[in-house]
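The values are calculated or read from the model by the stated rules, or taken from the named source; none is laboratory data. This is a predicted model, so every value here is computed, not measured. Here Cβ is always computed from backbone atoms with ideal geometry, including for glycine, and neighbour counts include all displayed protein chains. With ligands, DNA and RNA removed, areas are computed over all heavy atoms of the protein, side chains included. Shrake-Rupley method; radii C 1.70, N 1.55, O 1.52, S 1.80 Å.
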Amino acid sequence: MTLTLIDRNRRTGPDIDHSTEQGADQDVAPEAPPAQAPDPAPRRAAGREADGLAVASFVLGLIGLLAFNLLLGPTAIVMALLSLARRTRRPGRAYLGLALGVADLVVLAVLVTVNGTVAWNLGA
């Protein structure tokens, strides 16, 4: 099996005048590589990921008001800040997730201050 490489830009042969070709090469600027169109798929995937983070921060902040506020509050805050940094199309949900995450930590602080524990005490 033989592989032959052909350089189509270099012209060799008996019918080509090399003196005119050399002068023409000096005047012509080298070609720039063709511009590549940006791939919209990564941007679209990043937008979906940021939207998912905004929704997840909202849901975790909401659940964190009732249970596991020590874990879910900071998680909701981090996810909301990440989604805002990645420019989500749902900033309202990201801000709600941020507010609910902070509220989780406030509820935790109130529970620790009043009851001396991190658990709800609904009974007498």
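Annotations for the structure displayed:
- Selected residue (only one of 100, 108 is at pLDDT 90 or above, open to solvent by less than 70 Å² (accessible area, probe 1.4 Å) and assigned to a helix (DSSP H, G or I)): 100
- Taken over segment 83-118, the criterion of being out of contact with any Asp or Glu (no Cβ under 7 Å at 6 or more places or on another chain) and hydroxyl-bearing (Ser, Thr, Tyr) is satisfied by 83, 95, 113, 117.
- Pairs linking a residue in segment 65-94 that is within 24 Å of residue 112 (Cβ to Cβ) and assigned to a loop (DSSP other than H, G, I, E, B) to a residue that is open to solvent by less than 60 Å² (accessible area, probe 1.4 Å) and not β-branched (Val, Ile, Thr), with Cβ atoms under 7 Å and 6 or more positions apart or on different chains, are 65/100; 65/103; 65/104.
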